[in-house]
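The values are calculated or read from the model by the stated rules, or taken from the named source; none is laboratory data. For clarity, every value in this text was computed on a predicted model and none was experimentally measured. For neighbour counting, all protein chains shown are included, and Cβ atoms are generated from backbone atoms with ideal geometry for every residue, glycine included. Ligands, DNA and RNA are excluded from the accessible area calculation, which covers all protein heavy atoms including side chains. Shrake-Rupley method; radii C 1.70, N 1.55, O 1.52, S 1.80 Å.
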Amino acid sequence: MIKIILPDKSVKEFNKGVTGIEIARSISEGLARNVLSVSVNDEVWDLNRPITKDAHIKLHTWDDKEGQATMWHSTAHLMAAAIEELFPGAKFGIGPDIDNGFYYDIDFGDKVLRPEDLPKIEKKIKEYVSQKHTFNREEMPKNKALEYYKIKNDEYKVELINELEDGNITFYKTGNFVDLCKGPHLMDASPIKAVKLISIAGAYWRGDESRKQLTRVYGISFPKKKLLDEYLEMLEEAKKRDHRKIGREMELFTFSQNVGQGLSLWLPKGAQIREILENFLKKVQLKAGYQQVITPHIANKNLYIQSGHYEKYGKDSFQPIKTPNEDEEFFLKPMNCPHHCEIFKSKQYSYKDLPVRFAEFGTVYRYEQSGELHGLTRVRSFTQDDAHIFCRPDQLKEEFIKVIDIIMLIFKALEFKDYKAQISLHDPDKMENYIGTIQNWEKAEKAIIEATNEKGLDTEVVKGEAAFYGPKLDFMVKDALNREWQLGTIQVDYNLPERFDMEYVGSDNKKHRPVMIHRAPFGSMERFVAVLTEHCAGKFPLWLTPEQIIILPISEKYQKYAEKVLNLLKNYELRSRIDERNEKTGKKIRDAETGKIPYMLIVGEKEEQNNTVSVRKHQQGDMGTYSVDDFAKIVVDEINSILDF
RNA sequence: GCCGAUGUAGCUCAGGGGUAGAGCGUUUCCUUGGUAAGGAAGAGGCCACGGGUUCAAUUCCCGUCAUCGGCUCCA
């Protein structure tokens, strides 16, 4: 007998060689029906693999990540089996489960896989499912495995096997398809009730640009047809929220081939959103002791040689601008920090002057590869809400806390409720990759961790993700569709103070090196507006939306009164407009609703006589009648309740 | 940059070897209206751009550019 310890710490005795599915059955038939895989001492196993020693186990169903991963990974195998049957000679790379489904990288030789091939493959997979194809775990010595794939002429698997340690290698067999795989898998395909192949893409073998590009087929599967429908609906919803689509519909921004790829043109309404965001942050920063600075869009190449950016990114940048006569070269500014370093260096600082905080909405230019460009989230020119804090080492933690406060304030104002912080630390085994002393690194990392603890942030610590010049704290927000985006960032930098030989005079009357903090709560204005647009599906918060109020006269007879209302609203600095079109009220309301305007003011005979407006709120309907002043005060209060900090 | 797909009116899209169509929007006219689409008429396209095949190309082929889905990259 062996002891099986369940997650609730209860202990059950079973015969040696008991399997996950048998344990599930002993608990309940329902569980046995739904269980997909089992963790044995934190390793996920097949349900029919015998457990021979005492173990902690956890049964996985669709409700946990491991269960989903098991189903997806097994579906990837079924897809590969289907492809092997339909396209003989296809060679297989890797086929893992991912966050949303699975993929398989396949070399089709000369054959080009087309979207219209996917339904055929899906059909074949469904066939296998209805035949309840099993996944059988087998072990094979390494040399035999190599032989098998050499005969099959699959150089990808040969490469993978060659990298494995000697000894037995595990395979899974499903139908005629045998795949190198450490598992785990479903016992058979029957839990897979719905499969959808999503897309085809190219992917370099092992992610290496210099190697062959394989065809990657993405797919997803579910234990219920309804879940697939919901997933597809979610994809549709994401499409509807796409900032590129909303940006066009709401006239926020555009692109022009004449101007160039990745160079956004901000239309009046989009520019207004940006300006409001900028003014908001400027106000916050003014209170927090920041000073605005302004720097040019180009700088002498020497600046970037000194900062080190030239060496690292010079070749990938827009190439330098040359002066006509003297042999001078200037780069479009890819970073604001070297400029701010020069500003710091323009005068002498005492320890009492620190910290110094320079802020600038600085537009930078980076040559992104053409295939990388994507709406506003990846562009070649963008404006960072940048600031650089120059402080003493002992001020690091306090400054971090202050920046975190700013970021949280912003998230609150913009209704990002679900966020977490990622702390990126150095990799202790690769100290040679970093600049700065180990003592400084440890001090800085301690300061970050303490700061996030004090703020009670939900944090994730990742070793080895730090920049070469210092550790950092990134903020990831989840949008309304549960997608994660990286927005604000705070980074410690020991490199630039060194390279620019920055110093301040300490209380000991000696020169000391300041620490620099880079921070950008929005990240880039372009990217932030994109994420915000998708988060709120174009229904921007009242204080931010370009058109807050639209006045709808019942007929042309009330145009004069509408203008009077408009002028009154202007006194309250509310952004409003009259719908002057010769349309019926129902049409005007409909257009205002689809246009996502928060408030509609309907004015006709009654309103003109009583000096009132009939208020309709977006998506909520009729709110009743108010005097213009009362209405305006309500709206102003609503805005101030968010902007009051 | 790489693999694949796409490019037709301001937008969303249909069509197809014989120089083009719908809906929405826009313009004008009728209508003067009360909480999610009133009616009529008109304007609007070098069918992305450049080559080739053909009597004839928007349609087929090649190239370029741009966009989309990924890969690689992201100070």
**Q.** Share of carbon and sulfur in the accessible heavy-atom surface of the range A:332-486 [1.4 Å probe, %]
**A.** 45 percent
Q: With no solvent and one equal point scatterer placed on each C-alpha of the range A:2-61, evaluate the Debye formula and give log10 I(q)/I(0) for q = 0.17, 0.24, 0.26 Å⁻¹, two decimals.
A: -0.44, -0.94, -1.12
Q) Taking 0.36 nm per intervening residue step and subtracting the Cα-Cα distance, what contour gain separates A:Asp54 from A:Gln369 on full extension? A) 108.0 nm
Q) Under 5 Å between amide H atoms, partner at least 5 residues away or on a different chain: which partners does A:Leu214 have, H built in plane at 1.01 Å? A) A:Ala203, A:Tyr204, A:Trp205
Q | Cα convex hull volume per residue for the range A:491-645 (Å³) | A | 167 Å³
**Q.** Estimated FRET transfer efficiency when R0 is 60 angstrom, pair A:Arg590-A:Lys430 (beta carbons, to 0.05)
**A.** 0.50
Q: Mind checking which of A:Met600, A:Pro428, A:Ser307 is farthest towards the positive end of chain A's charge dipole, using Cβ charges of +1 (Lys, Arg) and -1 (Asp, Glu) about the Cα centre?
A: A:Met600
Q | Accessible area of A:Asp591 in the full protein assembly, 1.4 Å probe (Å², nearest 10) | A | 50 Å²
(Q) Leaving out ligands, DNA and RNA, and with a 1.4 Å probe, what % of the accessible surface on the range A:89-139 is carbon or sulfur? (A) 46 percent
Q: Give me the accessible area per residue for chain A, probe 1.4 Å, as a whole number in Å².
A: 50 Å²
Q. Expressed as a whole number of Å, what is the distance separating the alpha-carbon centroids of the range A:495-509 and the range A:571-635?
A. 59 Å
Q) Expressed in nm to one decimal, what extension gain is obtained for the pair A:Asn571 and A:Asn100 from 0.36 nm per residue of sequence separation less their Cα-Cα distance? A) 164.5 nm
Q) In deg cm²/dmol and to the nearest 500, what is the mean residue ellipticity at 222 nm of chain A if only DSSP H runs of at least 4 residues count, each as -39500 (n - 2.57), divided by the residue total? A) -11000 deg cm²/dmol
Q.
Need one value: the accessible area of A:Tyr367 in square angstrom, 1.4 angstrom probe, rounded to the nearest 10.
A. 110 Å²
Q. Which residues does a label at A:Glu484 reach in the range A:89-109, if reach means a backbone N under 11 Å from a point 7 Å past the Cα toward the Cβ?
A. A:99
Q. Out of A:Ile517, A:Tyr218, A:Gln395, whose Cα points farthest toward the positive end of the dipole of chain A (charges: +1 Lys, Arg; -1 Asp, Glu; placed on Cβ)?
A. A:Tyr218
Q. Hey, quick one: spin label on A:Gln292, modelled 7 Å out along Cα-Cβ, who in the range A:512-533 has an amide N within reach, i.e. under 20 Å?
A. A:519-526, A:529
Q | Which listed pairs, of A:Lys455/A:Lys478; A:Lys196/A:Lys239; A:Lys111/A:Lys142, have C-alpha distances above 22 Å, in listed order | A | A:Lys111/A:Lys142
**Q.** HN-Hα J in Hz across the range A:43-57 - Karplus 6.51, -1.76, 1.60, θ = phi - 60°, x for Gly and Pro
**A.** 10, 7, 10, 5, 6, 9, 8, x, 9, 10, 9, 3, 7, 8, 10
**Q.** Charge dipole of the range A:549-643 about the Cα centre (unit charges at C-beta), most positive-ward option of A:Asn582, A:Ile551, A:Thr625
**A.** A:Asn582
Q.
For a Förster distance of 30 Å, can you work out the FRET efficiency between the beta-carbons of A:Glu450 and A:Glu415, rounded to the nearest 0.05?
A. 0.55
Q.
I'd like the distance separating the alpha-carbon centroids of the range A:70-84 and the range A:415-438, in whole Å.
A. 37 Å
Q.
Tell me the carbon and sulfur percent of the accessible area for the range A:2-61, rounded to whole percent, probe radius 1.4 Å.
A. 48 percent
Q | Accessible area of A:Trp266 in the full protein assembly, 1.4 Å probe (Å², nearest 10) | A | 60 Å²
Q) How far is helix A:438-454 tilted off the main Cα axis of chain A, in degrees rounded to 10, range 0 to 90? A) 80 degrees
Q: Compute the acute angle (0 to 90°) between the alpha-carbon long axis of helix A:525-536 and the principal axis of greatest extent of the alpha-carbon atoms of chain A; round to the nearest 10°.
A: 70 degrees
Q: Distance between Cα centroids, the range A:453-494 to the range A:372-396: provide it in whole Å.
A: 13 Å
Q. What number comes out for the charge environment of A:Lys287, summing +1 per Lys or Arg and -1 per Asp or Glu over other residues with Cβ under 14 Å away?
A. +2
Q) Check A:Gly523: other-chain or 5+ apart residues with amide H under 5 Å from its amide H, H built from backbone geometry? A) A:Asp385, A:Thr489
Q: Relative to the longest principal axis of the C-alpha atoms of chain A, give the angle of the C-alpha long axis of helix A:142-152, reported between 0 and 90° and rounded to the nearest 10°.
A: 80 degrees
Q. Please state the relative contact order of chain A as a whole percent: Cα pairs under 8 Å, 6+ residues apart?
A. 8 percent
Q) Nearest 20 debye, what's the magnitude of the dipole of the range A:66-238 about its Cα centre given +1 on Lys and Arg Cβ and -1 on Asp and Glu Cβ? A) 540 debye
Q: Might you report the magnitude of the Cβ-based charge dipole of chain A about its Cα centre, with Lys and Arg at +1 and Asp and Glu at -1, to the nearest 20 debye?
A: 880 debye
Q.
As an exercise, use a Förster radius of 41 Å and the Cβ-Cβ distance of A:Glu460 and A:Lys282 to find the FRET efficiency, rounded to the nearest 0.05.
A. 0.85
Q. What ³J(HN,Hα) values, in whole Hz, does the Karplus curve 6.51 cos²θ - 1.76 cosθ + 1.60 give for the range A:476-489 when θ = phi - 60°, with x put for Gly and Pro?
A. 10, 10, 9, 8, 4, 9, 6, 8, 9, 10, 8, 10, x, 9
Q) Between A:Asp64 and A:Glu326, what length in nm is gained on full extension when 0.36 nm per residue of separation is reduced by their alpha carbon distance? A) 87.7 nm
Q) Can you work out ³J(HN,Hα) from phi for every residue in the range A:243-257, in order, using Karplus 6.51 cos²θ - 1.76 cosθ + 1.60 and θ = phi - 60°, giving whole Hz and x for Gly and Pro? A) 4, 5, 6, 5, x, 6, 4, 8, 6, 9, 7, 8, 10, 9, 4
